[in-house]
Every structure is written in C-alpha cells, then in structure tokens.
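J.: One structure coming up, written as structure tokens, with questions to follow.
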Amino acid sequence: GILSIASYAELLGYSVHVMDVHAERADDQQLRERLRCHRPRFVGMTVLTNMCIPAHKIARICKEEVPDCVVVAGGVHAEALPESLLRNSAFDCVVKGDGENAMIEIMRGDPFPSILGLSYVDDGRIRHNSPRPVEMDLDQFPFPAYHLVDFSNYFPAVGTYRNFPAINMLMTRGCPGTCTFCNSARTTLRTRDPQLMVEQIKLLRRKYGIRQITFYDDTFTVLKKVCLEFCECLAAENLGITWVAYVRGDCFNDEMAAAMKKAGCHQVLIGVETGSPMISERIRKPIDRERYRRTVEIAHKHGMEVRGSFILGNMDETWETMEETLDFAIELDVDIFQPTISTPYPGTALYKEAHEKGWLLDADWSDYGQSKVLVRQSQLTAEDIYRFER
C-alpha cells in the first residue's frame with residue numbers, strides 16, 4: 001500500500017522517502033535522525049491493529065521533529081476506528097479507502113472538507129467527509145516504488161516459500177465474501193490487468209532477483225478468467241518464479257489448478273476455518289465440507305501443497321465443535337495445519353458484535369495477533385481454547 005502511494009506521488013513530481021520502522025528494526029533515535037535529514041512536509045503511515053500503539057508514538061515523534069508536517073493515517077485499523085487515532089493530536093487526518101488519489105489531494109493542499117473519504121479534527125470536533133468512490137481502474141497506478149526499500153529486510157513466512165528472495169503482491173483489491181472475522185468482507189472487488197501483473201513480475205525478477213511471490217489477494221481465484229489469463233501469460237515468460245496464493249473452497253477447480261501449477265504455483269492456502277457446519281454458518285462462510293475435500297484433492301492431484309487455515313474459539317464454539325475442526329483437518333490431510341485463535345479485528349462484524357454486547361476482554365491493540373482469546377463466551381472459557389490449541 002505505502003509503495004503504491006509512493007510511486008504514484010513520484011509519478012506526479014513529488015519527492016518521496018520510505019521508512020519501514022519494523023523491518024529496519026529502527027529505534028526512536030534512528031527515526032528522529034531520518035526525520036531531521038528529510039524534513040518531510042507530509043508523513044503517511046499505514047496502521048494495522050497490532051501496530052496501533054507504536055503508530056501513535058511514531059506520529060508524536062514526527063510532530064516533535066517536524067512540527068509543521070501533516071501526519072496522515074491509513075490502513076484497515078485507521079479506517080475502522082478513525083476517532084481513536086484522531087484523539088492523538090499528532091495525527092492530522094485519516095484516509096478511508098484507496099489512498100493514492102487522497103494522498104495527492106492532501107499534498108497539493110486541497111482543503112480537508114473537500115477531500116472525499118477523509119476524517120479530521122475541525123474546531124475540536126471530528127469530521128467525517130462523504131466516502132470516496134471506489135477506484136475501479138487500478139491500472140492507472142504505476143508499479144509500486146520497489147526502489148525505495150531494501151529487499152534484504154524482508155522474509156516470507158515459514159512454510160510458504162521454496163526460493164529466495166521473496167516478495168508479496170496483490171493483483172486484486174476487495175472481496176465479495178461475508179465472513180464475520182474479516183474486514184475485507186463485502187468490499188468491492190477490483191483487479192489489475194493480468195498482463196501488467198506479469199510485466200511487474202518480470203521487473204522484480206530481472207532488476208531485483210525475486211524468485212518467490214506470495215499473493216495476498218483475499219481470494220486469488222475468485223475471478224476465474226483473470227486467474228487463467230495471468231497464469232497463461234506468466235507461464236509463457238518462463239521466468240523461473242515460484243509462488244503461492246489464497247483460494248476459497250468454492251472458487252477452485254481442475255482447470256485453475258493445472259494453469260496455476262504450470263505457471264509456478266507450488267502451494268495454495270485454503271481458509272477452511274472450521275469443521276463444524278454450525279460454526280461455518282455462524283461465521284458466514286457456509287462452504288460445504290465436500291467442496292473443501294474436493295479442493296484439497298485437486299491441489300494434491302496437480303502437485304501443489306495445501307496450507308489449511310483454521311480458527312479456534314469462534315462465537316458459540318464448544319469443545320466439541322473444535323474437535324470437529326481438528327478431525328476435519330486430519331481427514332483433509334492438509335500439508336500444513338495453521339491454527340489461529342478467533343480475533344475480533346476492528347471493522348469486522350465479529351468486533352461489532354463483541355463490542356456492542358460487552359464481550360471484549362482486552363482493549364490493548366498489541367494483543368490482537370491471532371494468538372490470544374479476546375472475546376468472553378459463556379459456554380467456553382479462554383483456558384479451554386488455550387488448552388485445545390496446545
């Protein structure tokens with residue numbers, strides 16, 4: 001996200017610097033030195049939930065070193081809880097929705113009230129402008145500004161790669177799913193031109209030596225025609241790239257699997273989530289178990305590993321439904337079993353329900369990392385969930 005905004009800003013004549021505080025393992029002093037060196041007029045920051053606390057600190061440091069800079073927050077947490085961020089006076093505004101054009105409007109000095117999708121403080125009150133229309137033409141934006149980061153700072157997750165160096169990519173934005181635990185639910189689905197994506201991969205391979213890609217699209221295969229065209233174009237280039245992607249049990253078939261394997265895909269991640277039909281309805285992902293069985297069979301038939309993702313401690317979960325999930329994972333014979341604990345991220349239907357009913361156990365955002373029980377339930381204790389996970 002940051003690199004896409006950066007490249008668009010560069011295209012329009014702005015000078016841009018990128019600092020990844022986490023990847024660079026930078027301390028306060030290193031951040032201050034970078035700010036003193038560049039004296040930015042604008043600082044854009046992406047905020048995920050479990051990065052929210054350091055984001056507040058970083059914003060304050062920006063204002064201490066460059067008092068007249070404009071600090072802009074974006075990202076899923078900022079979009080879900082703009083009021084929470086704006087209570088920190090170091091944040092000037094929050095961008096909701098796509099950030100490329102909004103950031104340009106901010107940098108060229110458009111008045112805050114005229115910028116769609118913006119939240120900001122005006123005379124002590126938080127104002128929310130009308131939503132920004134969803135940008136359907138993603139091809140208008142240039143390739144991300146890869147030249148602004150050091151690739152040696154980044155490593156893929158264990159079990160997700162065959163080669164180095166590696167990078168993550170997005171071909172689509174949005175997801176038509178309705179899952180209660182995901183803040184991409186019911187967001188408008190858009191895609192980039194598959195041929196342009198292959199050109200981007202060629203750049204990464206030839207200029208930066210990239211040999212492995214993880215596609216972070218919520219559902220890489222939801223647009224069948226786009227998926228098949230991408231695979232055909234990538235296979236024709238013979239770049240020696242290996243890659244992985246996320247698929248849904250109801251958006252995968254033999255034709256797709258064959259095309260993906262031919263183009264270098266060696267692993268698919270399937271969000272199975274649960275083995276309980278009751279829980280699958282509760283989390284609004286009612287995919288029939290037979291579809292998951294067939295999806296795993298197809299992937300294995302075409303020589304691709306399956307990483308199965310499962311959630312423990314969903315709303316209304318019991319010890320018995322968690323046993324159903326474990327039994328189903330064993331039956332599916334996934335290659336990598338990836339369990340997580342249900343996490344009520346702001347912006348999700350799960351968070352809304354837990355917050356409204358007073359069931360949230362913890363408001364420390366640094367705990368929102370899919371490993372801690374954060375929702376109180378009468379039929380299942382946190383200790384039960386931890387014991388089952390172990």
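The values are calculated or read from the model by the stated rules, or taken from the named source; none is laboratory data. As the structure is a prediction and not an experimental result, all values here were calculated from the model. All Cβ positions, even for glycine, are placed from backbone atoms using ideal geometry, and neighbour counts span all protein chains on display. Surface accessibility is based on the protein's heavy atoms, side chains included, excluding ligands, DNA and RNA. Shrake-Rupley method; radii C 1.70, N 1.55, O 1.52, S 1.80 Å.
J.: Looking at (1) among the hydrophobic types (A, V, I, L, M, F, W, C); (2) closer than 23 Å to Gln370 by Cα; (3) at pLDDT 95 or above; (4) open to solvent by 60 Å² or more (accessible area, probe 1.4 Å), which one does Ile53 not meet, given that it meets all the others?
T.: Status for Ile53: all satisfied but (3).
J.: Taking segment 103-129 as the search range and keeping residues that are assigned to a loop (DSSP other than H, G, I, E, B) and farther than 23 Å from Ile2 by Cα, which one is most open to solvent (accessible area, probe 1.4 Å)? Can you show your working first?
T.: Keep residues of segment 103-129 that are assigned to a loop (DSSP other than H, G, I, E, B), which gives 108-111, 115-117, 123-124, 129.
Okay, now just the ones that are also farther than 23 Å from Ile2 by Cα, so 123-124.
On the way: Asp123: 143, Gly124: 75 Å².
This residue is Asp123.
J.: Here is a further query. Taking Thr318, is it open to solvent by less than 60 Å² (accessible area, probe 1.4 Å), touching a strand residue (DSSP E or B) at 6+ places or on another chain (Cβ under 7 Å) and farther than 16 Å from Cys182 by Cα? Show your work before the answer.
T.: On the way: open to solvent by less than 60 Å² (accessible area, probe 1.4 Å): yes; touching a strand residue (DSSP E or B) at 6+ places or on another chain (Cβ under 7 Å): no; farther than 16 Å from Cys182 by Cα: yes.
The answer is no for Thr318.
J.: For segment 82-97, how many residues meet the condition of being over 20 Å from Pro111 (Cβ atoms) and surrounded by 19 or more Cβ atoms within 10 Å (Cβ to Cβ)?
T.: Within segment 82-97, the first condition is being over 20 Å from Pro111 (Cβ atoms), and the residues that meet it are 83-85, 87-88, 90.
Filter once more, so that each one left must be surrounded by 19 or more Cβ atoms within 10 Å (Cβ to Cβ): 85, 90.
So the count comes out to 2.
J.: I'm trying to understand the selection: among the residues of segment 322-350, which are in a helix (DSSP H, G or I) and not hydroxyl-bearing (Ser, Thr, Tyr)? Can you show your working first?
T.: Residues of segment 322-350 that are in a helix (DSSP H, G or I), as a first pass: 322-332, 349-350.
Those that are in a helix (DSSP H, G or I) and not hydroxyl-bearing (Ser, Thr, Tyr): Met322, Glu323, Glu324, Leu326, Asp327, Phe328, Ala329, Ile330, Glu331, Leu332, Ala349, Leu350.
J.: Write out, first by first residue and then by second, each pair whose Cβ atoms fall under 7 Å of each other, whose residues are 6+ apart or on separate chains, and whose first residue, in segment 17-46, is open to solvent by 70 Å² or more (accessible area, probe 1.4 Å) while the second is polar (S, T, N, Q) and in a loop (DSSP other than H, G, I, E, B).
T.: none
J.: Same structure again: Just to be sure I understand, how many residues within segment 264-287 are open to solvent by 10 Å² or more (accessible area, probe 1.4 Å), under 24 Å from the mean Cα position of the chain (by Cα) and among the hydrophobic types (A, V, I, L, M, F, W, C)?
T.: Here the count works out to 2.
J.: Of all residues in segment 139-169, which are of a type in the set (A, V, I, L, M) and out of contact with any Leu (no Cβ under 9 Å at 6 or more places or on another chain)?
T.: Taking segment 139-169 as the starting set, the residues that turn out to be of a type in the set (A, V, I, L, M) are 145, 148-149, 157-158, 166-167, 169.
Matches in segment 139-169: Ala157, Val158, Ala166.
J.: In segment 288-296, is there at least one residue being buried (at least 16 other Cβ atoms within 10 Å of the Cβ), among the hydrophobic types (A, V, I, L, M, F, W, C), under 30 Å from Asn50 (Cα atoms) and under 26 Å from the mean Cα position of the chain (by Cα)?
T.: Within segment 288-296 (the criterion being buried (at least 16 other Cβ atoms within 10 Å of the Cβ), among the hydrophobic types (A, V, I, L, M, F, W, C), under 30 Å from Asn50 (Cα atoms) and under 26 Å from the mean Cα position of the chain (by Cα)), the answer is no, since none of the residues qualifies.
J.: So Thr188 clears everything in (1) open to solvent by less than 30 Å² (accessible area, probe 1.4 Å); (2) touching a strand residue (DSSP E or B) at 6+ places or on another chain (Cβ under 6 Å) except one condition, right? Which one?
T.: So the condition that Thr188 fails would be (1).
J.: Something else about it: Since Glu353 meets every condition but one in (1) assigned to a helix (DSSP H, G or I); (2) more than 23 Å from the chain's Cα centre (by Cα), which condition does it not meet?
T.: The single condition Glu353 does not satisfy is (2).
J.: Assess whether Arg294 counts as being farther than 27 Å from Tyr161 by Cβ, in a helix (DSSP H, G or I) and of a type in the set (D, E, K, R). Let's see the steps before the verdict.
T.: Working: farther than 27 Å from Tyr161 by Cβ: no; in a helix (DSSP H, G or I): yes; of a type in the set (D, E, K, R): yes.
So Arg294 fails the test.
J.: Which of the residues spanning segment 327-337 are in contact with a helix residue (DSSP H, G or I) (Cβ under 9 Å, 6 or more places away or on another chain) and either open to solvent by 70 Å² or more (accessible area, probe 1.4 Å) or modelled with pLDDT under 95 (or both)?
T.: Listed by number, the residues that qualify are Glu331, Asp333, Asp335, Phe337.
J.: Please work out which one of (1) of a type in the set (D, E, K, R); (2) within 23 Å of the chain's Cα centre (by Cα); (3) within 21 Å of Tyr345 (Cα to Cα) is the condition Arg87 fails and give its number.
T.: Just one mismatch for Arg87, condition (2).
J.: Which ranges mark the helices (runs of 4 or more DSSP H) fully within segment 1-102 that have 2 or more residues being in contact with an Asp or Glu (Cβ under 8 Å, 6 or more places away or on another chain), under 25 Å from Asp139 (Cβ atoms) and not basic (Lys, Arg)?
T.: Numbers: elements: 2-11, 28-38, 52-65, 76-80, 82-86.
Because the criterion is at least 2 residues that are in contact with an Asp or Glu (Cβ under 8 Å, 6 or more places away or on another chain), under 25 Å from Asp139 (Cβ atoms) and not basic (Lys, Arg), the helices (runs of 4 or more DSSP H) in segment 1-102 that meet it are 2-11.
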